[in-house]
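The structure under discussion appears below in the form of structure tokens.
Nothing in this text is a laboratory measurement; each read-out follows from the coordinates by a stated rule. All figures in this text were calculated on a predicted structure; none of them were measured in a lab. Here Cβ is always computed from backbone atoms with ideal geometry, including for glycine, and neighbour counts include all displayed protein chains.
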Amino acid sequence: MLKKTPLILTFILFLTVGMTKGQARVFHAVSDSEITSRYVNLSVKQLFDTAKRYYFENSLDEALACFDLLMNKISQHASLENQKILNEIYFFYAASLYEKEDYYMAYRLLLESLKLSEANNDKTQIIRVYTLIGNIYHRFGEQDLARKYFSKGLDYYRDSSDLALLFNNLGYASVKAGDLDCAFHYLSQSLQIAERHNRATLHIISGSMAKYYHKKKMYDSARQCYHLAIDLAKNIDSDPHHKYLSLSASLSGLGKLFFEINQLDSAVFYANLSNAVAIEHSIPLISVDNYLLLSQIAESRGRQSDALKYYKQYADLKDQIFGRENINKINQLRHSYEVSNRDRKIEQYAIEQQIKEQVIRYQRTNQYILSTALILISIFLAFMVIQNKKLNTAYKNLFEKNLQITEIQSEIPEEYSRKYKKSALTDNMQAELLDKILAQMENTSIICDTEFSVNRLADLVHSNSTYVSQVINTVFGKNFRSFLNEYKIKEAQRLFSAPDGSKYTIEAVALQVGFKSRTAFRDTFKEITGVTPNFYLKSLRSLHGS
């Protein structure tokens, strides 16, 4: 610890200089009345440009004062012609409120922006709105809703830089939700896109990767990513708020990491350093985490009074920012918006139906409608009879083909392995892993265990679930569950076709190949073979004259 002291002092000195430089770039706070008198005669567009300038300079109080004045101007000109400007006003006003932790008002304005964006099919703005809504839910710990809105944004993406941040947000939300496989996938995608198109976001993605490794308890990798995020953030000049947000978050993450590995002095150092940055630059969101961490450290050292003091600071600040009534009000807004959309669609559908009914009423008489209906029913019944016959014939043909495939597969398992050994996978490690996977999958006593999973397979081949899933996805174009089910159904077909297969019932075979219910076995069997187990068994016995 003593050997690291010069480096730590150097870092503190550099960070202090960075804070001073950042403060020099921020406008001095001015009162609402001063802003009103200064900008009252500006046009809507000029005032909006001024508000945005304050926003990007991180002068949020000044930005909000301008936006308040701007909203008064808009209310006096209700028929504002430029809907795009109005949409931008709503969004940046909401973004400013979001940074000030006024999430309810931010959410209200985002819904207004979303209405205009959907009406004008403005996909770029829809992405930004969904991303910010997702961020709000993420901060409240509603990770399922956060991922829902981030995923909605992916449906509209255009710009690669937006896509990098969306993948990052999905990855970070997945980390918080404990879905680490999805988190790694999204964060890897985000990192690749950012390195090609938007390196300015790398400090954000590095921080998310640190959280991923932290959650996996890969502490060395997590620590490296935290330090990388800090180094990248220190070099940001254009966005001071997000610079210090990233710095304080990464420092706080290091504090938690050292606490988990029981290096309490380092944990206290980083927690206090993070808190200093957060308080200096008005980032109470990070202070909430720091106070909780300091309380836990004090408690672990037996300092109950300090632990209680820090916990009270944590609870008060958390309640101030994340009061339960706030998320309830936000969810009420979301529900009202969704109900309004649904009612609008129902109303539109009802109008369309009325028009159709009027056309029918004036064009046809009741007698003609009745006779036409009888004719159509007769045709439909005849058609169903013909289709049923064709379907039975198709089922029989499909059964025979499946039977042939089963016989062929039982004869050439080694050729099947060699085929994939010579596939386009050039990496020797992946080819070797493929051979091990195929060898294990031939062991029916293992794969037909109801508890058999990708983790179990990974243990058997001395690898990990991520690599096993990657090989299966790349070579076979399917996920592990589909891959395993094909082997189980192949074993079921073998049992049905065995010389003593007549002694097996469908339920017995289902249990023997690892399905917990007849329904699950039936659905999977039909999905893979195209016919039900009952039809397959009857056809097999009919073929053998039994």
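Figures for the structure shown
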{"read-out": "Reference-scaled alpha-carbon Rg (2.2 N^0.38 Å with N residues) for the range 206-275", "value": "1.05"}
{"read-out": "Integer Hz, Karplus 6.51/-1.76/1.60 couplings in order for the range 38-47, x for Gly and Pro", "value": "6, 10, 4, 8, 6, 6, 4, 5, 5, 5"}
{"read-out": "Tail fraction, Cα-Cα pairs, the range 501-546, threshold 18 Å, whole percent", "value": "27 percent"}
{"read-out": "Computed log₁₀ I(q)/I(0) - Debye formula, equal Cα scatterers, no solvent, the range 253-306, q 0.21, 0.29 Å⁻¹", "value": "-0.69, -1.10"}
{"read-out": "3J(HN,Hα) from dihedral phi, the range 59-73, Karplus parametrisation 6.51/-1.76/1.60, rounded to Hz, x for glycine, proline", "value": "8, 5, 5, 5, 4, 5, 4, 5, 5, 4, 5, 5, 5, 5, 5"}
{"read-out": "Residue order, fewest to most surrounding Cβ atoms within 10 angstrom, among Cys225, Cys448, Cys66", "value": "Cys448, Cys225, Cys66"}
{"read-out": "Positive minus negative residues near Ala146 (Lys, Arg vs Asp, Glu; Cβ under 9 Å)", "value": "+2"}
{"read-out": "Backbone HN-Hα couplings from phi across the range 507-523 [Karplus 6.51/-1.76/1.60, Hz, Gly and Pro as x]", "value": "4, 5, 5, 4, 5, 5, 9, x, 9, 7, 8, 5, 5, 4, 5, 4, 5"}
{"read-out": "Inter-centroid distance (Cα atoms) of the range 444-475 relative to the range 200-266, Å", "value": "33 Å"}
{"read-out": "Under the Debye formula (equal points on every Cα, no solvent term), log10 I(q)/I(0) of the range 422-546 at q = 0.14, 0.18 Å⁻¹", "value": "-0.65, -0.94"}
{"read-out": "Ranked Val468, Val288, criterion: other C-beta atoms within 10 Å, fewest first", "value": "Val288, Val468"}
{"read-out": "Of the GluC sites (Glu not before Pro) in the range 80-178, those whose Cβ has at most 14 other Cβ within 10 Å and which sit in DSSP loop", "value": "Glu81"}
